[in-house]
Amino acid sequence: MNFNSKLIRLGSWVLVSLAVVGCVRSGSYRKDREFYEETPSGYYKDGEETPNKSQTLERLKGPKKKVLILSFWNDTPVGDETLGGFAASELKREFSLGSRILFPEDQLVNTVTKDFVDGDRVQVTQLVREGRKFGVSAVILGRISKINFRQNREEVGILRQAESSVVVDLEMKVFDVATGREVGTYPRSGAAANSTRILIDDDAATSKASREELAREAIYQATQKLIPDALLALEKMEWQGRIAKIAGSKVYINAGRASGILAGDILKVLSTGEEIIDPVTKTFLGHSEGFLKGTLEVSDFIGTDSAMATIHTGGNFQEGDVVRLY
C-alpha cells in the first residue's frame with residue numbers, strides 16, 4: 001500500500017471517529033439542554049410552579065390583609081334582617097374577586113354590626129377586641145340607613161304599565177385593629193328600578209318579595225361604590241399577624257402561604273401594647289404601640305395559612321405578640 005492510500009485511509013478513520021464522538025456529545029448536550037429548559041432555576045423544588053411576572057409582582061406587594069366584615073345593621077322600617085347580611089356578603093364577594101384580602105372562616109363569626117352599636121356610637125373597645133380575637137388587620141361594619149320605595153302605574157286599561165323604584169343608603173365604617181382607630185366613614189347610595197305590565201288587580205309588583213328583590217339590587221349598586229373606598233383604606237394600614245404558639249425554639253404565627261408570607265421573611269415582634277382609656281369620659285382612645293422584642297425568620301409552613309419561624313434576634317416572646325414585616 002502506497003503512502004497516499006495510507007493517508008486516505010487514516011483520514012477516513014479520523015472523520016468516522018469525529019462523527020462518533022460528535023454523536024455522543026450531541027446526545028449529552030441535548031439531555032443537558034432538556035434539563036435546563038425544564039428546570040430554569042434551582043430555587044424551585046420539583047413540582048413547584050415557577051412564578052410568572054404577575055405572581056412575582058403580587059409577592060412584592062407584601063402579605064395579604066385579613067379583614068372581618070360584619071353583617072350590616074338594617075336600621076330602617078323595612079323589617080327584612082337578611083338585607084344586612086346580603087350587603088356584607090356582596091362586599092366579601094367583590095373583595096374575593098381580587099387577591100389581596102382574606103377573611104376568617106364564616107362559621108366562626110357570629111357577631112353583627114348591631115352588637116357593637118350603642119345609640120349612635122360604635123363601641124370601639126369591644127369591636128377592636130373582636131378583631132384581635134380573629135387575628136384580623138381591619139374590621140368593617142355598616143348600616144342600612146334608608147330604603148325608599150316608589151311606584152307609578154297607569155290609571156286606565158286592563159293591562160297597565162307599572163314602574164317600581166327604590167333608593168338605598170348605606171354607611172360603611174372601617175376600623176384599624178392595630179391602632180384601634182376609625183380609618184373612615186363612607187356613605188354611599190344605590191338605586192334600582194323595574195318596569196312591568198300588570199292586570200288591574202295584580203299586586204305582584206308591590207309584593208314583599210318584589211320589593212325585597214329590588215332592594216337587593218339597589219344594595220348591590222351601593223356596595224360597588226364602597227369597594228374603592230374600602231380598598232384605599234386597607235392599603236393605608238400596615239400588615240400584622242401574631243404569634244399563635246411557642247414550642248421551644250420554634251415559633252408559630254397565624255399567617256402563612258395563603259397570606260403571602262415567604263420562606264426567609266424577617267418579622268419583627270412587638271408586645272401587644274395597651275388600651276388607652278380617657279380617665280374622665282372612659283372613652284377608648286386607641287392602642288399604644290408595643291415595644292420591639294426581637295425578630296423571627298420564617299423557615300417553614302404549617303397547614304394552609306400558618307408558618308413556623310426561628311428566633312433571629314431578641315427573645316422573651318409570648319403567644320399573642322404582634323408580628324410585622326421587618
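Tabulated data for the structure shown
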{"read-out": "Label-point separation in nm, Ser89 to Phe291, each point 7 Å along Cα→Cβ", "value": "4.9"}
{"read-out": "Pair Thr179, Asp115: separation of 7 Å Cα→Cβ label points (nm)", "value": "2.6"}
{"read-out": "In sequence order, calculated HN-Hα J values of the range 259-274 (Karplus, 6.51, -1.76, 1.60; Hz; x Gly/Pro)", "value": "7, x, 6, 10, 4, x, 4, 9, 10, 8, 10, 10, 5, 6, x, 10"}
{"read-out": "Extension gain (nm, one decimal) between Gln318 and Leu231, 0.36 nm per residue minus Cα-Cα", "value": "28.1 nm"}
{"read-out": "Residue pairs, from the table Lys65/Lys92; Lys173/Lys293; Lys92/Lys245; Lys133/Lys236; Lys250/Lys293; Lys92/Lys268, whose Cα atoms sit over 25 Å apart", "value": "Lys173/Lys293; Lys92/Lys245; Lys92/Lys268"}
{"read-out": "Length gained when the stretch Asp278-Thr82 is fully extended (0.36 nm per residue, less Cα-Cα span)", "value": "66.8 nm"}
{"read-out": "Residues with amide H under 5 Å from that of Val183, placed H, sequence gap 5 or more", "value": "Val174, Phe175, Asp176"}
{"read-out": "Amide H partners (placed H, <5 Å) of Gly256, local residues excluded", "value": "Ile261, Ser306"}
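Just so you know, all these numbers are worked out from the coordinates, no wet-lab data involved. The structure displayed is predicted, hence computed values, not measured ones. Neighbour counts are summed over all protein chains in view; Cβ atoms, including those assigned to glycine, are modelled from backbone coordinates with ideal geometry.
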